[in-house]
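A.B. asks: Before I ask anything, here is the structure I am working with.
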């Protein structure tokens, strides 16, 4: 089968690497000549809404998927009409707009932090009558890794914050004094097979994920699975989905979902019987899903900014390195490494070494 | 780094798939336009002793390795002189010739079945004065998967057997009434780090490997490691090496070694902390070796002749499929699948299902 992928970054790269053993071939649409995945398939170089390239992709790919949620609506519409696209366009529509997303979650009785739509300074002032400080003002669209977000600590911040949004339609969200951040990766096939990975416990800094650790028998697992299942059902979803949540006083508040493989599930490459990448492919090809069971203790650490020296990473017992073939650049995710072991002591020692090493290379 | 590989079949393919996460790039020399690995790197299409292609490979690759032992001596010599080639040419010289190989093992006090050189019918008759029937007559060079071999059951078979060899310099080996066949995969880096995988217990039929199962705490492990270590030392070896042995009355008799990643180690992709493919790369790049520890119970089953239906393979709990992107052809290894689990009952059930499925697709 030929699988089209919109986007040729590290997620597409890891999807493609998982697809070769299943005899899959890839056609990758990405504007960048050097994108990390393009060596692993045919490269259609151009914009995501280029009509000629979309037509070629639709004609030649048996199924199309994507590695990021900001696929232009026109591209999603065209692909939906002319080929099979998984996850479905509906998941893109909802996740592309933070306000629509939050309302969608709310309608499914999935708890969230308090939020309100903001289209001007007046609406912002009004919303802050009922939302407590601190709060976060976010553009409704095109935000990722903490971009397009401003924190409001008191009334005096309102004007500058709104100015920073440059009149973009926005959403204000109450800041959640969370105890921890978790995410759940789930997957569904067209045959309605559904599987859930153990939840990941995630540490962000500067809006960027740093560490994600697989949690066994986590008390939040059951509710996280229920939320993910409700979301999957409502979206008639196919493929891997990630739902990020805050835990506050034993409650789970959904933050956002990503209709794709997700950074917080990278531990699954070594840490689960079948990785999120393999299961995303199994799902979109309607093959039986693989087991999502964890292989002992595992965690993932991102390398941000600078490519690490492989010798240093691989000297850490049970470390695996995953480079994205990207040049070093400030705040850029260039690689990740995982630790996976059945020996808890070894796992914890190695993880601490890896976190320390990643700090050394971190430029953000 | 750029890694050159002589040969673009499934072994090169799995080496390359392991190399992408380490940010390695590949240049693959193979005469076939459609070889399974060539999509994963740059393809130099041509013969293995083509002087211009070898010159290009030597100039552009930081290190060259190979996926088969029948690399022409002239190519090995050229690459040794003009770049770095691992495993070293000496390993090729020895393993390319069954007689040299057996003498080499003998000189290292590694036990083998009785053998003798045979260059004509008279030498064959003479050798069979001291070797018991049944015995196997093998061409000294270019044999694999049981090709170039004739079994002798009694004196009457001698003439026809020698005729079948078409005067090729040969070796006669006493047939070993073995209890089982095992192999050990070992790996060494230029920094003299050495690691051994748990031995594999192997089942051949028609000279082709069918099933290889990882053995935990096998009584043969210690002696197998000693033999492999002696071999590695004598060859000043770098990379992955496989040593195949027969077990007879608690004794291990070495059959042959392969200076490369090996079919009996394919279970290590999912079944070990670091696979033989990753460790081969770590070794030839002089990176720290990865752990060779097994992830629970695991085994590999080959698909011979016909490509299996992925749905059937992946419906087996904990099965992983590895297709080689080859068309179906009689007696051809086209794919393998592994089973890996910490649950012994699940493992055994799945393995039996997988073996049965492979039989259904087997045309040999």
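A.B. asks: Collect the residues in the stretch A:266-288 that are closer than 15 Å to residue A:186 by Cβ, more than 8 Å from chain B (Cβ to nearest Cβ) and in a loop (DSSP other than H, G, I, E, B), keeping them in residue-number order.
C.D. replies: A:275
A.B. asks: While we're on this one: If you scan the stretch A:227-254, which residues turn out to be surrounded by 21 or more Cβ atoms within 10 Å (Cβ to Cβ) and assigned to a strand (DSSP E or B)?
C.D. replies: Within the stretch A:227-254, A:239, A:240, A:241, A:242, A:243, A:245, A:247, A:252, A:254 meet the criteria.
A.B. asks: Continuing with this model, one more query. Suppose the filter is under 23 Å from residue B:334 (Cα atoms), buried (at least 23 other Cβ atoms within 10 Å of the Cβ) and free of Cβ contacts under 8 Å to residues at least 24 places away in the same chain; does residue B:66 pass it?
C.D. replies: No: the conditions fail for residue B:66.
A.B. asks: Something else: Consider residue B:295 carefully, then state whether it is buried (at least 17 other Cβ atoms within 10 Å of the Cβ) and either more than 10 Å from every other protein chain (Cβ to nearest Cβ) or at pLDDT 95 or above (or both).
C.D. replies: Spelling it out, it is not the case that residue B:295 is buried (at least 17 other Cβ atoms within 10 Å of the Cβ) and either more than 10 Å from every other protein chain (Cβ to nearest Cβ) or at pLDDT 95 or above (or both).
To keep it simple, each residue is scored yes or no on (1) within 22 Å of residue A:249 (Cβ to Cβ); (2) in the same structural domain as residue A:261 (by TED's automatic domain parsing); (3) surrounded by fewer than 18 Cβ atoms within 10 Å (Cβ to Cβ); (4) touching a strand residue (DSSP E or B) at 6+ places or on another chain (Cβ under 7 Å).
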{"residue": "A:135", "(1), (2), (3), (4)": "yes, no, no, yes"}
{"residue": "A:138", "(1), (2), (3), (4)": "no, no, no, yes"}
{"residue": "A:163", "(1), (2), (3), (4)": "no, no, yes, no"}
{"residue": "A:191", "(1), (2), (3), (4)": "no, yes, yes, no"}
{"residue": "A:204", "(1), (2), (3), (4)": "yes, yes, yes, yes"}
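A.B. asks: Which condition does residue B:197 not pass, out of (1) closer than 20 Å to residue B:287 by Cα; (2) surrounded by fewer than 22 Cβ atoms within 10 Å (Cβ to Cβ); (3) in contact with a strand residue (DSSP E or B) (Cβ under 8 Å, 6 or more places away or on another chain), if it passes all the others?
C.D. replies: (2)
A.B. asks: Does residue A:308 fit the bill of being touching a helix residue (DSSP H, G or I) at 6+ places or on another chain (Cβ under 6 Å) and more than 14 Å from every other protein chain (Cβ to nearest Cβ)?
C.D. replies: No, not satisfied.
A.B. asks: Can I ask one more? Applying the selection to the stretch B:206-223, what residues are over 16 Å from the mean Cα position of the chain (by Cα) and under 18 Å from residue B:254 (Cβ atoms)?
C.D. replies: Scanning the stretch B:206-223 gives B:215, B:218, B:219, B:220, B:221, B:222, B:223.
A.B. asks: Would you list the strands (runs of 3 or more DSSP E) that sit entirely within the stretch A:14-101 and hold 2 or more residues that are over 19 Å from the mean Cα position of the chain (by Cα) and more than 14 Å from every other protein chain (Cβ to nearest Cβ)?
C.D. replies: A:42-45
A.B. asks: Okay, next question. Which of the residues belonging to the stretch A:197-211 are in a loop (DSSP other than H, G, I, E, B) and under 18 Å from residue A:339 (Cα atoms)?
C.D. replies: Step one: filter the stretch A:197-211 for residues in a loop (DSSP other than H, G, I, E, B), giving A:197-199, A:206-207.
Within the stretch A:197-211, A:197, A:198, A:199 meet the criteria.
A.B. asks: Return the only residue of B:93, B:101, B:81 being touching a strand residue (DSSP E or B) at 6+ places or on another chain (Cβ under 8 Å) and either at pLDDT 95 or above or buried (at least 18 other Cβ atoms within 10 Å of the Cβ) (or both).
C.D. replies: Checking each option against the conditions leaves just B:101.
A.B. asks: Take the stretch B:289-328 and flag every residue that is closer than 25 Å to residue B:39 by Cα and in a loop (DSSP other than H, G, I, E, B).
C.D. replies: B:306, B:307, B:308, B:309, B:324, B:325, B:326, B:327, B:328
A.B. asks: Let me ask something else. Does residue B:208 qualify as being buried (at least 21 other Cβ atoms within 10 Å of the Cβ) and touching a strand residue (DSSP E or B) at 6+ places or on another chain (Cβ under 9 Å)?
C.D. replies: no
A.B. asks: Out of the residues in the stretch A:114-133 that are assigned to a loop (DSSP other than H, G, I, E, B) and without any contact (Cβ under 8 Å) to a residue 24 or more places away in the chain, state the one that is surrounded by the most Cβ atoms within 10 Å (Cβ to Cβ).
C.D. replies: A:130
A.B. asks: Also, quick follow-up: For residue B:26, indicate whether it is buried (at least 17 other Cβ atoms within 10 Å of the Cβ) and either at pLDDT 95 or above or closer than 20 Å to residue B:3 by Cβ (or both). Show your work before the answer.
C.D. replies: Details: buried (at least 17 other Cβ atoms within 10 Å of the Cβ): yes; either at pLDDT 95 or above or closer than 20 Å to residue B:3 by Cβ (or both): yes.
Yes, satisfied.
A.B. asks: Checking residue A:325 against (1) over 24 Å from residue B:272 (Cα atoms); (2) facing chain B (nearest Cβ under 10 Å); (3) surrounded by fewer than 16 Cβ atoms within 10 Å (Cβ to Cβ), only one condition comes out false. Which one?
C.D. replies: It fails just one condition, (3).
A.B. asks: Confirm whether residue B:178 is in a loop (DSSP other than H, G, I, E, B), more than 18 Å from the chain's Cα centre (by Cα) and either without any contact (Cβ under 8 Å) to a residue 12 or more places away in the chain or within 27 Å of residue B:362 (Cα to Cα) (or both). Quick ask: steps written out before the conclusion?
C.D. replies: Numbers: in a loop (DSSP other than H, G, I, E, B): yes; more than 18 Å from the chain's Cα centre (by Cα): yes; either without any contact (Cβ under 8 Å) to a residue 12 or more places away in the chain or within 27 Å of residue B:362 (Cα to Cα) (or both): yes.
Answer is yes for this residue.
A.B. asks: Right, another one. Could you tell me which numbered condition residue A:217 fails, if it satisfies all but one of (1) without any contact (Cβ under 8 Å) to a residue 60 or more places away in the chain; (2) in the same structural domain as residue A:336 (by TED's automatic domain parsing); (3) closer than 19 Å to residue A:100 by Cα?
C.D. replies: With respect to (1) without any contact (Cβ under 8 Å) to a residue 60 or more places away in the chain; (2) in the same structural domain as residue A:336 (by TED's automatic domain parsing); (3) closer than 19 Å to residue A:100 by Cα, residue A:217 is out only on (3).
A.B. asks: Only one of B:355, B:304 is surrounded by fewer than 22 Cβ atoms within 10 Å (Cβ to Cβ) and over 29 Å from residue A:319 (Cα atoms); which?
C.D. replies: Only one candidate qualifies: B:355.
The values are calculated or read from the model by the stated rules, or taken from the named source; none is laboratory data. The shown structure was predicted, so the numbers you read here are calculated from the model rather than taken from an experiment. Glycine gets a Cβ as well: all are built from the backbone with ideal geometry, and neighbour counts include every protein chain shown.
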